[in-house]
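The values are calculated or read from the model by the stated rules, or taken from the named source; none is laboratory data. From a predicted model like this one, the values you see are computed outputs, not experimental measurements. As a convention, Cβ positions derive from the backbone with ideal geometry for all residues, glycine included, and neighbour counts pool all protein chains shown. Areas reflect the complete protein model, heavy atoms only, side chains present, ligands, DNA and RNA absent. Shrake-Rupley method; radii C 1.70, N 1.55, O 1.52, S 1.80 Å.
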Amino acid sequence: QVQLVESGGGLVQAGGSLRLSCAASGSIFSINAMGWYRQAPGKQRELVAAITSGGSTNYADSVKGRFTISRDNAKNTVYLQMSSLKPEDTAVYYCNADIYSDYTWRTLDAWGQGTLVTVSS
């Protein structure tokens, strides 16, 4: 089927930067939107940023001007460049992709396993 594998999380001090990556693999015919969500302890999962196959982007108000989402369609990979990090950005970050599978010939809503980002004050 399909897999999303994230990398790049870790511990960083407030004001620092991190770059998350998410690579999709498997029976992929095409990928439409890709995005990043996050879930902090005791809170609901929320959209951080999303990008269409054509490059249009959307950001949560809380990260506008600090985070940048991008993608490499040739590599089926989406990135999240996070700058000016704040302690309230601490969460598990999940990659999400809308994938049309050439195995099932159906659209799959695929999720990664999550990567922890911890921002210390």
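What distance in nm separates the two pseudo spin-label positions at residue 27 and residue 105, each 7 Å out from Cα along the beta-carbon direction?
Going from the residue 27 label point to the residue 105 one covers 1.2 nm.
Considering the options 53, 2, 68, tell which one lies farthest towards the positive end of the dipole of the chain, charges being +1 on Lys and Arg and -1 on Asp and Glu at the Cβ, about the Cα centre.
68
With a probe of 1.4 Å, find how much accessible area the chain has per residue, and write the answer as a whole number in Å². Walk me through the numbers before you get to the answer.
Working: 6380 Å² over 121 residues.
Accessible surface, normalised per residue, equals 53 Å².
Would you work out the charge dipole size for segment 2-121 about its Cα centre, treating the Cβ of every Lys and Arg as +1 and the Cβ of every Asp and Glu as -1, and quote it to the nearest 20 debye?
Result for segment 2-121 is approximately 180 debye, rounded to the nearest 20.
Answer with a single label: of [x] 50, 24, 24; [y] 47, 26, 22; [z] 40, 27, 23, which was calculated as Cα extents along the principal axes in Å from the structure in view?
Only one option fits the structure, namely [y].
Hey, any idea what % of the chain's accessible area is carbon plus sulfur with a 1.4 Å probe?
Carbon and sulfur together cover 47 percent of it.
Can you find, among 113, 13, 99, the residue farthest towards the positive end of the dipole of the chain? Put +1 on the C-beta of Lys and Arg, -1 on that of Asp and Glu.
Positive-end residue among those listed: 13.
In the full protein assembly as shown, how much of residue 11 is accessible to a 1.4 Å probe, in Å² to the nearest 10?
Taking all protein chains as shown, residue 11 has close to 130 Å².
Could you rank 52, 107 by how accessible they are, 1.4 Å probe, largest area first?
Highest to lowest solvent-accessible surface, that is 107, 52.
Mind jotting down the distance between the C-alpha centroids of segment 61-121 and segment 9-38, whole Å?
3 Å
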